[in-house]
Amino acid sequence: MSHIALVTLVVRDYDEALSYYTDALGFELVEDTDRGDGSRWIVVRPRGTAGTGLLLARAKDEAQRASVGAQTGGRVGFFLHTEDFAGDHERMRAAGVRFLEEPRHETYGSVAVFEDLYGNRWDLLQAA
């Protein structure tokens, strides 16, 4: 069976992105390997999961820098599922995560849209 192992997220700076995703979002660092040419292979994923990870890739040129924070054209492009919506929402707010709306309770579950440090939009979602 096939699965998506990684999704690349273009970032401004390795260390600021790594700090944000591990500290503010609570992700775990899976790998941080120096590639020897000034680049690094950094993979993070939600703590305690074995699913899809994010490859944090530093922008290398103007075209890539222009895409930082706009990889999905302003739409929600990432969906962070949780089993403790209220707890994760509060922890993330306390860590400085910028939510764009108050939590909503829809037929499919509880959801709130937030932006990461670059402006990429995410759903924090607990299924009903």
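The values are calculated or read from the model by the stated rules, or taken from the named source; none is laboratory data. All values derive from a computational prediction rather than experimental measurement. Reconstructed Cβ throughout: ideal geometry from the backbone, glycine too, with neighbour counts over all protein chains shown. Heavy atoms of the whole protein, side chains included, go into the accessibility calculation; ligands, DNA and RNA do not. Shrake-Rupley method; radii C 1.70, N 1.55, O 1.52, S 1.80 Å.
Could you please find all residues in the range 33-51 being over 15 Å from VAL11 (Cα atoms) and either among the charged types (D, E, K, R) or part of a loop (DSSP other than H, G, I, E, B) (or both)? Across the range 33-51, the qualifying residues are ASP34, ARG35, GLY36, ASP37, ARG45, ARG47, GLY48, THR49, ALA50, GLY51. Kindly evaluate ASP32 against the criterion of being closer than 20 Å to SER19 by Cβ, among the acidic types (Asp, Glu) and free of Cβ contacts under 8 Å to residues at least 24 places away in the same chain. Against the criterion (closer than 20 Å to SER19 by Cβ, among the acidic types (Asp, Glu) and free of Cβ contacts under 8 Å to residues at least 24 places away in the same chain), ASP32 qualifies. Scanning the range 109-128 for residues that are open to solvent by 60 Å² or more (accessible area, probe 1.4 Å) and either of a type in the set (Gly, Ala, Ser) or at pLDDT below 95 (or both) turns up ALA127, ALA128.
For the range 57-68, indicate whether the set of residues that are open to solvent by less than 70 Å² (accessible area, probe 1.4 Å), in a strand (DSSP E or B) and either free of Cβ contacts under 8 Å to residues at least 12 places away in the same chain or in contact with a Gly (Cβ under 7 Å, 6 or more places away or on another chain) (or both) is non-empty. No.
Scanning the range 77-88 turns up no residue that is under 21 Å from ILE4 (Cα atoms), touching a Ser or Thr at 6+ places or on another chain (Cβ under 6 Å) and in contact (Cβ under 8 Å) with a residue 40 or more places away in the chain.
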